[in-house]
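Remarks on the structure that follows.
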């Protein structure tokens, strides 16, 4: 997980990188600090399967609840479109 933070007051930039366990990817939410992070965290959850702990509304955003897997992970296999990269 990579976060890019920029201070609009001081013009400082900081990049925070966190290694997540691939089998159980979890990290604390930042939506309690930045409200707009709610949408972005839901998108990451939906497409990559990262669970944001204490997120106020963590559920699928684009895909249906019946969807299996995380389509933007490199190891995702689509049974319909069998294209291997």
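The values are calculated or read from the model by the stated rules, or taken from the named source; none is laboratory data. All of these numbers come straight from a predicted model, not from anything done at the bench. Note: ideal-geometry Cβ built from the backbone for every residue, glycine included; neighbour counts use all protein chains shown.
Here are the numbers for the structure shown:
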item	result
Hits in the range 55-72 (condition: exposed (fewer than 14 other Cβ atoms within 10 Å of the Cβ) and either under 20 Å from residue 2 (Cβ atoms) or in contact with a strand residue (DSSP E or B) (Cβ under 6 Å, 6 or more places away or on another chain) (or both))	72
Of all residues in the range 23-32 being in a loop (DSSP other than H, G, I, E, B) and surrounded by 10 or more Cβ atoms within 10 Å (Cβ to Cβ), the one that is farthest from the chain's Cα centre (by Cα)	32
Evaluation of residue 50 against (1) under 11 Å from the mean Cα position of the chain (by Cα); (2) without any contact (Cβ under 8 Å) to a residue 40 or more places away in the chain; (3) surrounded by 10 or more Cβ atoms within 10 Å (Cβ to Cβ) (one fails), failing number	(2)
All positions within the range 1-16 that are in a loop (DSSP other than H, G, I, E, B) and within 15 Å of the chain's Cα centre (by Cα)	1
Filter pass, residue 55 being assigned to a helix (DSSP H, G or I), under 26 Å from residue 76 (Cα atoms) and at pLDDT 95 or above	no
So residue 35, is it on the phi < 0 side of the Ramachandran plot, surrounded by 13 or more Cβ atoms within 10 Å (Cβ to Cβ), more than 10 Å from the chain's Cα centre (by Cα) and modelled with pLDDT under 95	no
Filter result for residue 40 (within 14 Å of the chain's Cα centre (by Cα), outside any loop (DSSP other than H, G, I, E, B), surrounded by 13 or more Cβ atoms within 10 Å (Cβ to Cβ) and at pLDDT 95 or above)	yes
Any chance residue 20 is in a loop (DSSP other than H, G, I, E, B), in contact with a helix residue (DSSP H, G or I) (Cβ under 8 Å, 6 or more places away or on another chain) and surrounded by 10 or more Cβ atoms within 10 Å (Cβ to Cβ)	no
